[in-house]
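The values are calculated or read from the model by the stated rules, or taken from the named source; none is laboratory data. Since the model is a prediction, treat every value here as computed from it, not as a measurement. Every residue, glycine among them, receives a Cβ derived from its backbone with ideal geometry; neighbour counts consider all protein chains shown.
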Amino acid sequence: MSKLQVSLYRYNPETDSAPFMQEFQIDTQGRDLMVLDVLHLAKEQDNGLAYRRSCREGVCGSDGMNMNGKNGLACITPLSEVVKGNKLTLRPLPGLPVIRDLVVDMGLFYKQYERIQPYLQNDEPAPAIERLQSPEERDKLDGLYECILCACCSTACPSFWWNPDKFVGPAGLLQAYRFLADSRDGATSERLAELEDPFSVFRCRGIMNCVAVCPKGLNPTRAIGKIREMLLADAT
Amino acid sequence: MVTNITNLGRSGLSDWLLQRVSAVILALYSLFIVGFLLFNPGLDYAAWSGLFAQTWMRIFSLLAFISLAAHAWVGLWTVTTDYLKPTGIRIGTQLIIILAIFVFLVWGITVLWGA
């Protein structure tokens, strides 16, 4: 049984002058492992290897990375889905500064998330028990609230690569629409006013890499279209 | 909110709407011109000149030129903000683009209403 050829992006800013690719031979014993398991096996060979991981079941969003050219979560991506010709190349999420090996600085991603004020805003006095929604109102949040902020979508988006400081990015915009669509939120017009400039929403060019890579099967492009519709309805 | 002063409409929403409306007008104009050429195989100067002598064709053409100017401004402004990071080079390129669009538009009008 031939071993899996794994090529890993390595960079330690304290010792390396430039990033480089390191080759590993991983014995999978013929099993269809998850990519995260392969990383554990590589770490047994070189325990200086750094990557983020936590829940190992696609819930926490820590181990987003670029696997054979496509972003995804290493913990829920089986080798049979990504490996081509017995080769696996793992790189950090593109477009964000690398801290070390597969660990990226998510600062810009979180800054854009913070900008859309991802929390319910409501000035009405709170009812005695809770703010109720009809089943139809609740249905509008499906496909929006499930986002785990793994950053696979935003770091696959060329518009986010070129303007990560100005374009909110697919992940942030999916959440922006999650609060715009929420019947309990009262800050709709303030939220829309923050988004009507040429960058925040409108830098989206409908490339749809976000939809192609989302490990949760969500559709940020559709949410961005809905935000545009709301902006248009508000301003015409 | 991100501030911008060199884009056409000063607002992403208005730029976006202009881009789409102008695209529809340009598509209609292109289809019309292609259709006209197809239905007039032996096209001579008199027929071509006769087409542009009519007022409706001049209005349609001017509408298409203005659409092209708006479309180019919005589109090329976006390209410069994506790829040109040094401020001086970006503003310089934007000004050249806007001036060129202005010159082409006025030139187009003189061609339409000239001799």
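Does region A:52-70 contain any residue that is surrounded by fewer than 12 Cβ atoms within 10 Å (Cβ to Cβ) and in contact (Cβ under 8 Å) with a residue 40 or more places away in the chain? No, region A:52-70 has no match at all.
The condition (being outside the structural domain of A:C150 (by TED's automatic domain parsing) and either among the hydroxyl-bearing types (S, T, Y) or in contact (Cβ under 8 Å) with a residue 60 or more places away in the chain (or both)) is satisfied by just one residue among A:L33, A:L96: A:L96.
Enumerate the helices (runs of 4 or more DSSP H) found wholly within region B:1-90, keeping only those where 3 or more residues are under 18 Å from the mean Cα position of the chain (by Cα) and in contact (Cβ under 8 Å) with a residue 24 or more places away in the chain. Please lay out each step first, then the result.
On the way: elements: B:12-39, B:45-53, B:55-83.
Qualifying helices (runs of 4 or more DSSP H): B:12-39, B:55-83.
When the residues of region A:224-235 are filtered to those that are over 22 Å from the mean Cα position of the chain (by Cα) and within 8 Å of chain B (Cβ to nearest Cβ), which remaining residue is nearest to A:S154 (Cα to Cα)? Result: A:L231. Is there a residue in region A:139-156 that is out of contact with any Phe, Trp or Tyr (no Cβ under 6 Å at 6 or more places or on another chain), within 14 Å of chain B (Cβ to nearest Cβ), surrounded by 18 or more Cβ atoms within 10 Å (Cβ to Cβ) and closer than 22 Å to B:V2 by Cα? Among the residues of region A:139-156, not one is out of contact with any Phe, Trp or Tyr (no Cβ under 6 Å at 6 or more places or on another chain), within 14 Å of chain B (Cβ to nearest Cβ), surrounded by 18 or more Cβ atoms within 10 Å (Cβ to Cβ) and closer than 22 Å to B:V2 by Cα, which makes the answer no.
Restricting attention to region A:192-223, and to residues there that are away from every other protein chain (no Cβ under 11 Å) and closer than 16 Å to A:P118 by Cα, which single residue is surrounded by the most Cβ atoms within 10 Å (Cβ to Cβ)? Lay out the reasoning, then the answer.
First, the residues of region A:192-223 that are away from every other protein chain (no Cβ under 11 Å): A:206-223.
Retained after the next criterion (residues that are closer than 16 Å to A:P118 by Cα): A:220, A:223.
Numbers: A:P220: 27, A:A223: 23.
Only one residue fits best here, namely A:P220.
Would you call B:G108 over 23 Å from B:L17 (Cα atoms) and crowded, with 17+ Cβ neighbours inside 10 Å? It is true that B:G108 is over 23 Å from B:L17 (Cα atoms) and crowded, with 17+ Cβ neighbours inside 10 Å.
Selection within region A:157-191: residues that are acidic (D, E) and away from every other protein chain (no Cβ under 12 Å). The member of this set that is nearest to A:C214 (Cα to Cα) is A:D182. So, of the residues in region A:135-154 that are acidic (D, E) and outside any helix (DSSP H, G or I), which turns out to be farthest from A:P215 (Cα to Cα)? If we take residues in region A:135-154 being acidic (D, E) and outside any helix (DSSP H, G or I), then A:D142 is farthest from A:P215 (Cα to Cα).
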